[in-house]
Amino acid sequence: MEGSQVIKAPAEVCPLCEGTGWKTVAAGPKTGGSTNDRRVTRCDCRLRARGQSLMAAARIPRRYEHCELSNYDTDFPAAHPSLEEAHFIASGFAKKCDPRGDKGLLIIGKIGTGKTHLAVGIIKELIVNRGIPCLFYDYRELLKEIQNSYNSTVQTTELGVLRPVFETDVLVLDELGAVKPTEWVWDTVSLILNTRYNDNRTTIITTNFDDQPAAGAAGSISPARAASRGETLGDRIGERMRSRLHEMCRIVTLEGTDFRQKFRNANFR
């Protein structure tokens with residue numbers, strides 16, 4: 001209607017902080033005060049808003065949006081005991097991790113053992129419960145974005161892609177080693193891992209490749225045996241970066257079969 005005005009509903013004001021973002025709580029004896037002492041702390045409404053903002057910026061793929069530590073299944077028939085141990089480690093990590101100094105996690109396992117589920121579950125806990133900025137990147141997609149930045153028609157730069165990868169408090173690098181190694185790939189992986197290592201930033205990595213030396217590395221298996229074995233993490237990222245990962249991360253190994261395939265087969269019975 002001409003001349004009419006749109007009347008907006010008033011924004012909802014948090015009853016705890018009345019819109020200030022701060023709430024008053026009892027100090028209590030643990031803080032050195034009496035039970036009558038009061039102090040101010042960030043209101044839950046601001047923590048929720050920050051968590052929503054950080055979650056949107058974390059780049060968690062839609063395929064993994066449902067993944068939580070609380071719904072990581074370790075009870076299905078014939079589940080390997082390593083899954084329960086890995087879940088215990090991941091839960092403790094999410095509660096206690098100091099993202100500016102603590103070691104990260106290198107989660108190793110075959111396809112379908114739940115590596116990515118655990119990694120996403122961890123960063124969702126860090127974001128929602130602790131307000132820690134996190135970033136998820138599929139290894140292949142990250143390398144592709146970096147390569148695309150070299151195209152003059154693309155409105156981004158290599159540093160523009162890498163800056164958030166370098167600077168986020170906690171980075172998940174999913175499927176490390178999934179791209180066939182070249183000198184450029186090795187140089188790029190070295191740059192990412194060394195930068196985060198030198199800046200004391202926490203990195204969570206998943207990989208399908210066994211944590212074994214590269215073929216021909218000092219102390220590795222004989223060339224005859226190497227010819228018949230599968231590729232290892234050392235083959236895919238190089239021994240220098242594999243050694244760096246051992247300094248950066250605690251190793252968590254998931255054993256067992258592809259439970260996604262097992263569930264798919266069960267559905268057809």
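Values quoted throughout were computed directly from the atomic coordinates according to the rules given, and no laboratory measurement underlies them. The shown structure was predicted, so the numbers you read here are calculated from the model rather than taken from an experiment. Here the Cβ positions follow ideal geometry from the backbone for every residue, glycine too, while neighbour counts run over all protein chains shown.
Sequentially through the stretch 184-193, phi angles give Karplus couplings (6.51, -1.76, 1.60; θ = phi - 60°) of 5, 4, 4, 5, 5, 4, 4, 4, 5, 5 Hz, Gly and Pro residues having no value and appearing as x.
Prolate is the label for the stretch 101-204. Its Cα gyration tensor axes, ordered a ≥ b ≥ c, give a/c of at least 1.5 and a/b above b/c. Using the Karplus relation 6.51 cos²θ - 1.76 cosθ + 1.60 with θ = phi - 60°, the per-residue 3J(HN,Hα) values for the stretch 155-161 come to 8, 7, 10, 4, 5, x, 6 Hz, with x marking Gly and Pro. Separation of the stretch 151-192 and the stretch 87-104, taken as the distance between their Cα centroids, equals 24 angstrom. Counting only Cα atoms, the size of the stretch 139-186 along its three principal axes is 29, 28, 15 Å, in decreasing order.
Annotation for the stretch 229-259: trypsin sites (Lys or Arg not before Pro) lying in DSSP loop with at most 14 further Cβ atoms inside 10 Å of their Cβ are 229. Amide H contacts of residue 205 (H built 1.01 Å from N, in plane; Pro and chain starts excluded): 105, 106, 107, 173 sit under 5 Å, all sequence-distant by 5 or more or on other chains.
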